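Participant: What follows is a structure written as structure tokens; I'll ask about it next.
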Protein chains: 2
Amino acid sequence: MTINRRGFLAGSAAAVAGAGLVRAAQAAPARIPPPPREAVLKLSSQLGLIPGKELPEKLAWMERAGFDAVEPHGNIIGQEKELLAALRNTKLKVSALCWGSAKGAIVSRDAATRADAVVQFKRAIDTAAELQSTGVIHVPAFSAETDRTNQEIREIVVDTLPAIGEYAVKAGTRVLLEPLNRKEAFFLRQVADGAAICRDCNSPGICLMADFYHMGVEETSCLGAILSGGAYLHHVHLASKTRVLPGQDAEEDEPRYLDGFRGLKLIGYQDYCSFECGCRGNREEEIPKSMAFLRRMWEQA
Amino acid sequence: MTINRRGFLAGSAAAVAGAGLVRAAQAAPARIPPPPREAVLKLSSQLGLIPGKELPEKLAWMERAGFDAVEPHGNIIGQEKELLAALRNTKLKVSALCWGSAKGAIVSRDAATRADAVVQFKRAIDTAAELQSTGVIHVPAFSAETDRTNQEIREIVVDTLPAIGEYAVKAGTRVLLEPLNRKEAFFLRQVADGAAICRDCNSPGICLMADFYHMGVEETSCLGAILSGGAYLHHVHLASKTRVLPGQDAEEDEPRYLDGFRGLKLIGYQDYCSFECGCRGNREEEIPKSMAFLRRMWEQA
């Protein structure tokens, strides 16, 4: 079955012309409207994975390998100038800022802790804005950080995040909620749930990411998950089934990446896909192989 | 964009032939593999909606209107013979048995209540089997029926249901988990979550349904939700955005039904789509209009 934009109108016309011959209850070919823009595959990585000791060495390696962007960790806060200076010698951009949960402070039972969480969050947003990053990755709470129920956390998140989303929009960036898997967080384990939280927050600054490792644990369909994420999706984490390089668990990775990349094409995805994983074997050799695997999956999807 | 089974191989061949001309990071048209079987739209309804006083009158009306099946309520348990006798005068089949939660007994804190829940569940399965029904609709717990957390309920469900699923398979039917919306149940609100529970239960007797009314509250994408449901999906409830007849909230129903029906076509859906809704206006006139709306959406999807 081919989804082909040029064929869309022709297919519709054929369906109309042939309607009289088709019993209503039979399946005509399904038509999915084209995305607003054609999707792109832009690769990024966290720095821990990348060969090299110092930042400039790592960035130079990434550029040679064909990466488009780098995903800094939250520890970059306060050291933005160093990263920006190093990036100036390359064509690399900053994808997302991998911030996190601030120890679950945003859903704390203590009001002062919750207020401090908002201050910390805004500081991370300032950094992301300074780096022209696509967004601040946020986990409302890892399981070990909260004794609240799913419903309580959801209510606090939907109450608290819109104001933070507005702040992010004004700064020129956004918040990226990250669904994890049950071993890390019982709250927010699926992309569709994250998308529904974004919809309920109703702020253009509250958006979403998807992670191929967590999806492998929690989703039955990477395609379904990414279509549910839809226009809220602005970052993707890449890993194999066992959280090494994409493609290093080839048999399990191929169908998942084909499925997920079909989804990214159907939604017209415009942001980065970024390595968050370990590596089995020599990184200098294995990372380029993994990048080639991803580009092959993208072509085939 | 057209998804066309006949175009699938041709599209693949073209992609291979043209690969040398395409930069790896650009989007080729997305290809979704064809479903194992072509999807069908088979319409069913609960009896409360149908004009007529007595069962035979209602069934005769349904047959004239072009329904394929009827969805009995759990109160049919013990009165299977009456329904079977009435059905013998028609071509109608039984779709799902709309059973429910047995007051949340399956997640009760009382062991005897939990044990009784299993007995009740098996009784419903026996009825479904006798009626050659496609499955027993089950809600683990409405919110008012439990003080347990989301994680506790999930654990009990995944522990308890597989044995019930085996019983259902032996009887020739299945369990159909129903995701509801937050006003009815905080546990199991999205189709992707239900699909993940089915996967974790790992019993061919534990399956899933989707409901267009609940999806309207909880999902960002009916297409994404139904693709996540995938092969676990064996029943669908139909309603408009405000839970009257599909199409009676035309502006909101059209995109949702196009989207959802595209999903059913892509997964090769083989089971029933069944009215569970009220009616605005004269039922004799409005139900056929709604059926025509559904067939039009199916053709256009």
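Every read-out reported here was derived from the displayed coordinates using simple, explicitly stated rules and does not represent laboratory data. Please read these numbers as outputs of a predicted model, since none were measured by experiment. Ideal geometry is used to build each Cβ from the backbone, glycine not excepted, and the neighbour counts take in all protein chains shown.
Participant: Once you place label points 7 Å from the Cα toward the Cβ at A:D159 and A:N75, how far apart are they in nm?
Facilitator: With each label placed 7 Å out from Cα toward Cβ, I get 3.5 nm.
Participant: What is the dipole size for the range A:37-300, taken about its Cα centre, with +1 at each Lys and Arg Cβ and -1 at each Asp and Glu Cβ, in debye to the nearest 20?
Facilitator: Working: 32 positive and 37 negative charges, 81 e Å.
Computed about the Cα centre, the dipole is about 380 debye.
Participant: Here is a further query. Work out the charge dipole of the protein assembly as shown with +1 on the Cβ of Lys and Arg and -1 on the Cβ of Asp and Glu about the Cα centre, then indicate which of A:A301, A:G74, B:P179 is farthest towards its positive end.
Facilitator: After comparing all options, I get A:A301.
Participant: Quickly rank A:185-194, A:37-46 as a protection proxy: mean count of other C-beta atoms within 10 Å, highest first. Present the calculation step by step, with values, prior to reporting the outcome.
Facilitator: Working: A:185-194: 25.9, A:37-46: 20.5.
Put in order of decreasing packing, that is A:185-194, A:37-46.
Participant: Taking chain A as a Gaussian network, Cα atoms linked when under 10 Å apart, which of A:V175, A:V217, A:V94 shows the biggest mean-square fluctuation?
Facilitator: With Cα springs under 10 Å in chain A, the top fluctuation among A:V175, A:V217, A:V94 is at A:V217.
Participant: Once you've got the GNM for chain A with C-alpha springs shorter than 10 Å, pick whichever of A:E276, A:E218, A:E155 has the biggest mean-square fluctuation.
Facilitator: Fluctuation is largest for A:E155.
Participant: Debye sum, Cα scatterers, the protein assembly as shown, no solvent: what log₁₀ I/I(0) at q = 0.07, 0.11, 0.12 1/Å?
Facilitator: -0.46, -1.07, -1.23
Participant: A follow-up question, please. Pick from A:I226, A:I125, A:I77: which residue has the top mean-square fluctuation in a GNM of chain A where Cα pairs under 10 Å get a spring?
Facilitator: Result for chain A, Cα springs under 10 Å: A:I77 fluctuates most.
Participant: Now for a separate question. Counting each DSSP H run of 4 or more residues in chain A as -39500 (n - 2.57), what helix-only mean residue ellipticity at 222 nm follows after dividing by all residues, to the nearest 500 deg cm²/dmol?
Facilitator: Details: 10 runs with 135 residues, N = 301.
Calculated at 222 nm, the ellipticity per residue is -14500 deg cm²/dmol.
Participant: How shielded is B:79-90 by partner chains, expressed as the average number of their Cβ atoms within 10 Å of its Cβ atoms? Don't jump to the answer; show the numbers that get you there.
Facilitator: On the way: counts 0, 0, 0, 0, 0, 0, 0, 0, 0, 0, 0, 0.
Across the residues of B:79-90, the mean count of other-chain Cβ atoms within 10 Å is 0.
Participant: Which distances, in nm and shortest first, link the B:V217 label point to the same label point in every other copy, taking 7 Å along Cα→Cβ?
Facilitator: 3.0
Participant: Output ³J(HN,Hα) for the range A:38-54: one whole-Hz value per residue in order, computed from phi by the Karplus curve 6.51 cos²θ - 1.76 cosθ + 1.60 with θ = phi - 60°, and x for Gly and Pro.
Facilitator: 6, 5, 10, 9, 10, 9, 9, 8, 6, 7, x, 6, 7, x, x, 9, 8
Participant: Quick query: amide H of A:G135 versus all other amide H atoms, modeled in the peptide plane; which residues come in under 5 Å with a sequence gap of 5 or more or a different chain?
Facilitator: When sequence neighbours closer than 5 places are left aside, the close amide H contacts are A:L97, A:R174.
Participant: Now, a different point. May I ask you to derive the FRET efficiency for A:K103 and A:K170 from their Cβ-Cβ distance with R0 = 22 Å, giving the value to the nearest 0.05? Working shown, then result.
Facilitator: Details: r = 26 Å, r/R0 = 1.18.
So, using R0 = 22 Å, E works out to roughly 0.25.
Participant: For A:V107, what is the net charge nearby, where nearby means another residue's Cβ is under 14 Å from its Cβ and Lys, Arg count +1, Asp, Glu -1? Mind dumping the intermediate values first?
Facilitator: Numbers: positive: A:K103, A:R109, A:R114, A:R148, A:R154; negative: A:D110, A:D116, A:E145, A:D147, A:E152, A:E155, A:D159.
Spelling it out: positives minus negatives among the neighbours equals -2.
Participant: Within 10 Å of each Cβ in peptide A:142-154, how many partner chain Cβ atoms are there on average? Round it to a whole number, please. Before the final figure, lay out each step's value.
Facilitator: Values: counts 0, 1, 0, 0, 0, 0, 1, 6, 7, 6, 1, 1, 3.
Across the residues of A:142-154, the mean count of other-chain Cβ atoms within 10 Å is 2.
Participant: Also, quick follow-up: From the cross-link list A:K81/A:K289; A:K42/A:K91; A:K53/A:K91; A:K53/A:K183, which pairs have alpha carbons spaced over 22 Å apart? Display every interim value, and only then the final one.
Facilitator: Details: A:K81/A:K289 32 Å; A:K42/A:K91 13 Å; A:K53/A:K91 20 Å; A:K53/A:K183 31 Å.
In this structure, A:K81/A:K289; A:K53/A:K183 exceed 22 Å between Cα atoms.
Participant: Between A:D116 and the same site in the other copies, what are the distances in nm, shortest first, taking label points 7 Å from Cα along the C-beta direction?
Facilitator: In nanometres, ordered from closest: 5.0.
Participant: Along its principal axes, what span do the Cα atoms of chain B show, with the longest given first and each in whole Å?
Facilitator: 68, 46, 34
Participant: If you put +1 on each Lys and Arg Cβ and -1 on each Asp and Glu Cβ, how big is the dipole of the protein assembly as shown around its Cα centre, in Debye rounded to 20?
Facilitator: On the way: 72 positive and 74 negative charges, 304 e Å.
The calculation lands at about 1460 debye.
Participant: Would you mind classifying the range A:117-269 by shape? Square roots of the alpha carbon gyration tensor eigenvalues, ordered a ≥ b ≥ c; an a/c under 1.5 is rounded, otherwise it is prolate if a/b is larger than b/c and oblate if not.
Facilitator: Numbers: a/c = 1.80, a/b = 1.44, b/c = 1.25.
In terms of gyration-tensor shape, prolate.
Participant: Now a separate question. State whether the range A:221-301 is rounded, prolate or oblate according to the following rule on the C-alpha gyration tensor (a ≥ b ≥ c being the square roots of its eigenvalues): a/c under 1.5 gives rounded; otherwise a/b larger than b/c gives prolate, and the remaining case gives oblate.
Facilitator: Numbers: a/c = 1.97, a/b = 1.79, b/c = 1.10.
Judged from the Cα gyration tensor, the range A:221-301 comes out prolate (a/c at least 1.5, a/b above b/c).
Participant: Within 10 Å of each Cβ in A:221-233, how many Cβ atoms from other chains are there, averaged over the peptide? Write out the running numbers ahead of the final one.
Facilitator: Details: counts 12, 2, 8, 15, 5, 3, 11, 12, 3, 4, 2, 1, 0.
Going residue by residue through A:221-233 and averaging, the value is 6.
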